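Structure first, then comments.
Each reported figure results from applying straightforward, stated rules to the coordinates on display, with no laboratory input. The structure displayed is predicted, hence computed values, not measured ones. No Cβ is skipped: glycine too gets one built from the backbone with ideal geometry, and neighbour counts run over all protein chains shown.
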């Protein structure tokens, strides 16, 4: 599900993705490639600005592997499930090593429909 975006809430550029673990904590699992403009526009209508108690409040996110550059992100309520394509490469925390490829929003699903995040490979 979407936990944050780069760009603005009205025009998201990339999505920062999370999955709840077995302890109901929102684990960061990766980021998408740059969204097509039409997808960003459509997603803007489905995203809600985060409440102050968002699980990622105070976190910083790296722009990429080996990069010291941090991303400017806008936190969103982690309610919107999205479908993405990923490869199998993951780090020790279970995060995807390569950006996920955007497919579509899945407003028909809830976060409870997404399998729990695990670090097992």
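Between the labelled values (1) 51, 36, 21; (2) 35, 33, 29; (3) 42, 31, 25, the entry that holds Cα extents along the principal axes in Å as derived from this structure is (2). Neighbour counts of other Cβ atoms within 10 Å put 106, 19 in the fewest-to-most order 106, 19. Maximal additional length on extending the residue 63-residue 11 stretch stands at 16.9 nm, based on 0.36 nm per residue less the C-alpha distance.
Convex hull of alpha carbon positions in region 1-54: directionally averaged projected area 3.9 nm².
Quote to one decimal, in nm, the extra length available between residue 112 and residue 98 on full extension: 0.36 nm per residue of separation minus the C-alpha distance between them.
2.5 nm
Each stretch of four or more DSSP H residues adds -39500 (n - 2.57); spread over every residue of the chain, this sum gives -2000 deg cm²/dmol at 222 nm. Comparing 36, 78, 99 in a Gaussian network model of the chain where C-alpha atoms under 10 Å apart are linked, the largest mean-square fluctuation is found at 36.
Counting other Cβ atoms within 10 Å as a rough exposure proxy, the listed residues 32, 110 run 110, 32 from fewest neighbours to most. Note on residue 88 and residue 22: with the Förster distance fixed at 25 Å, the Cβ-Cβ geometry gives a FRET efficiency of about 0.70.
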